[in-house]
4 protein chains.
Amino acid sequence: MISQEISDKDYEIKVKDSFSRQNFMNTLGAKITKLGPGFCEISMPFQDSLTQQHHFIHAGAIGAIADSAAGYSAFTLSPPHSSVLTVEYKLNLLTPAKGEEFVARSRILPSGKKLKVAFCEVYAIENKQETLCAILTATVKIIQNKADLPL
Amino acid sequence: MISQEISDKDYEIKVKDSFSRQNFMNTLGAKITKLGPGFCEISMPFQDSLTQQHHFIHAGAIGAIADSAAGYSAFTLSPPHSSVLTVEYKLNLLTPAKGEEFVARSRILPSGKKLKVAFCEVYAIENKQETLCAILTATVKIIQNKADLPL
Amino acid sequence: MISQEISDKDYEIKVKDSFSRQNFMNTLGAKITKLGPGFCEISMPFQDSLTQQHHFIHAGAIGAIADSAAGYSAFTLSPPHSSVLTVEYKLNLLTPAKGEEFVARSRILPSGKKLKVAFCEVYAIENKQETLCAILTATVKIIQNKADLPL
Amino acid sequence: MISQEISDKDYEIKVKDSFSRQNFMNTLGAKITKLGPGFCEISMPFQDSLTQQHHFIHAGAIGAIADSAAGYSAFTLSPPHSSVLTVEYKLNLLTPAKGEEFVARSRILPSGKKLKVAFCEVYAIENKQETLCAILTATVKIIQNKADLPL
């Protein structure tokens with residue numbers, strides 16, 4: 001029932017191709033900065049266009065990169081010709097998202113083949129110091145036999 | 001302990017002023033389209049810049065307008081010289097966010113004075129038909145004696 | 001993709017039989033008090049054995065009846081020879097769980113065939129007056145071709 | 001704003017006294033098995049009275065010990081004459097709760113003074129082997145100047 005192993009040796013190509021089609025990540029200025037089996041890191045620099053009323057990064061933007069990191073950490077473990085879909089996510093905000101850069105690091109916990117559970121930490125980086133500013137837990141569904149192609 | 005009543009008759013000015021300083025809502029093309037005591041509706045038209053890999057609206061963008069709607073529905077009930085902060089939110093995605101417009105409607109449930117609980121429904125509108133595509137529950141903190149001013 | 005209709009006309013027998021095998025519900029003194037397509041109500045009287053340190057009902061007991069109500073509201077919609085499994089749930093506590101009886105009412109929102117999303121309200125009843133004391137959102141998985149039988 | 005340090009050197013007495021008044025933990029057969037600054041472990045042996053329909057431990061019982069572990073990990077960091085209250089918790093179930101014993105380990109993440117965020121892992125122990133079966137994230141409120149006394 002539990003599977004953490006890679007079932008697609010070309011997962012890196014698959015993930016990066018899919019990510020490149022997420023226009024919203026481009027809008028956020030977000031990039032995949034690390035990738036491994038069951039792991040994905042997405043980084044997003046501070047931008048004026050992403051702020052809330054106190055000029056911190058909007059919780060919604062933090063949630064968005066954490067959600068994408070969760071989805072792609074699951075996608076690294078999915079078989080060829082599959083795609084991923086977020087079922088739900090929950091974000092706890094620990095401190096105001098203040099910094100020059102924001103890094104979401106998600107890893108897949110031992111879970112099922114079709115439903116993966118991700119745990120993601122988001123760090124704010126200021127003067128090279130990392131502060132944990134949010135955590136996200138998510139359920140990601142693996143849809144088999146349906147490649148993640150452009151529509 | 002429980003308070004649903006307005007404690008600031010100028011809540012509308014306060015909310016709209018704060019919202020206008022959320023650059024991220026502007027980036028999303030989102031607007032407040034309805035406001036009442038303990039209620040806030042935010043609408044966001046479809047934009048290419050907000051999509052995920054299947055060209056639906058990214059769950060992160062859905063979460064962002066729902067989070068803002070939650071926060072501002074709480075802000076309508078907060079006293080003068082206060083501000084609001086999202087403590088946590090959880091989003092369940094019911095159907096792919098497919099449509100021409102997306103509308104988040106949040107209302108505050110009977111909860112405490114300092115911690116408000118919001119329940120938000122997000123509808124996708126396609127050919128004038130509304131489909132519930134996501135729900136969000138959130139905890140919003142009211143920070144008293146600290147006006148929601150620009151930094 | 002979306003299905004709210006009954007696919008098993010004997011859902012009531014199925015649900016009640018499964019519930020009767022949930023020893024934990026018996027330990028809590030909980031009973032199904034209403035059932036319909038996509039709906040389940042579970043009631044639990046106050047008991048000393050269920051309290052937390054301030055002699056209110058423990059949040060864990062509230063979560064337990066809400067989780068069961070969520071699962072069984074999904075089970076009413078599942079096909080014959082299937083079973084249900086909670087994937088995740090989130091509970092927001094609105095007021096202390098103070099009262100003589102606690103009633104969890106769950107309904108299934110329009111969602112997928114295999115993954116149902118439930119929204120559950122929990123009311124505390126005191127002197128015949130109902131107070132909303134908690135809300136729960138849950139994802140419930142329908143496992144097809146595997147009847148909900150005793151092991 | 002962030003505080004992880006102990007502000008009550010007698011936190012162990014305070015926590016254990018409060019726990020002993022949680023009748024529900026006694027009903028579950030649960031005990032505190034480890035305690036430290038910002039950390040709490042609660043263990044619960046398998047009991048027939050705690051099962052769901054497939055004779056695994058009910059998700060509600062898992063959620064209950066994880067919630068208590070979250071609350072008491074926060075309580076270790078609270079000042080004298082204070083009490084704690086769970087605001088919300090979310091449980092993701094990774095595998096069926098099958099085993100002889102269940103151990104919830106919660107630690108407080110760097111968060112605010114009045115609102116603590118806990119991350120809790122629940123392990124099922126079978127033949128001396130631990131399997132992560134659930135994770136919980138929770139928000140716990142510290143209520144100052146109100147000792148956690150019996151009512």
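Sub-7 Å Cβ pairs linking a first residue in region B:25-43 that is at positive phi to a second residue that is at pLDDT 95 or above and in a strand (DSSP E or B), at least 6 apart or interchain, are B:GLY29/B:MET44; B:GLY29/B:PRO45; B:GLY38/B:ARG107; B:GLY38/B:ILE108, ordered by first then second residue. Might you check whether a residue that is of a type in the set (S, T, N, Q) and either modelled with pLDDT under 95 or in contact with a helix residue (DSSP H, G or I) (Cβ under 8 Å, 6 or more places away or on another chain) (or both) occurs anywhere in region D:84-93? Yes, that holds for at least one residue. Every condition in (1) of a type in the set (A, V, I, L, M, F, W, C); (2) within 10 Å of chain C (Cβ to nearest Cβ); (3) not in a strand (DSSP E or B) is met by D:ALA69 except one, and the failing one is (2).
Among the residues of region C:94-103, the ones that are in contact with a helix residue (DSSP H, G or I) (Cβ under 9 Å, 6 or more places away or on another chain) and farther than 26 Å from B:LYS141 by Cα come to 2 in all. Filtered by the rule that a residue be crowded, with 23+ Cβ neighbours inside 10 Å and within 30 Å of A:LYS114 (Cβ to Cβ), region D:71-96 gives D:GLU88, D:TYR89, D:LYS90, D:LEU91, D:ASN92, D:LEU93, D:LEU94. Count of region D:97-131 residues, restricted to those that are more than 15 Å from A:PHE119 (Cβ to Cβ), part of a strand (DSSP E or B) and among the hydrophobic types (A, V, I, L, M, F, W, C), is 7. Looking across D:LYS146, D:LYS141, one residue alone is on the phi < 0 side of the Ramachandran plot, more than 11 Å from chain A (Cβ to nearest Cβ) and outside any strand (DSSP E or B). It is D:LYS146. Is it the case that C:ASP10 is over 22 Å from C:GLU121 (Cα atoms), in contact (Cβ under 8 Å) with a residue 40 or more places away in the chain and among the charged types (D, E, K, R)? Considered against the rule, which asks whether it is over 22 Å from C:GLU121 (Cα atoms), in contact (Cβ under 8 Å) with a residue 40 or more places away in the chain and among the charged types (D, E, K, R), C:ASP10 comes out as yes. The numbered conditions (1) at the interface with another protein chain (Cβ under 9 Å from one of its Cβ atoms); (2) crowded, with 24+ Cβ neighbours inside 10 Å; (3) not aromatic (Phe, Trp, Tyr) are all true for D:SER106 except (1). Within region C:59-77, residues that are under 19 Å from D:THR86 (Cβ atoms) and without any contact (Cβ under 8 Å) to a residue 12 or more places away in the chain reach partners that are surrounded by 24 or more Cβ atoms within 10 Å (Cβ to Cβ) and not aromatic (Phe, Trp, Tyr) with beta carbons closer than 7 Å, at six or more positions or on different chains, in the pairs C:GLY60/D:GLY60; C:GLY60/D:GLY63; C:GLY60/D:ALA64; C:GLY60/D:ASP67; C:GLY60/D:SER68.
The values are calculated or read from the model by the stated rules, or taken from the named source; none is laboratory data. Note that the structure is a prediction, hence the values are computed from the model and not measured. Note that each Cβ is placed from the backbone with ideal geometry, even for glycine, and that neighbours are counted across all protein chains shown.
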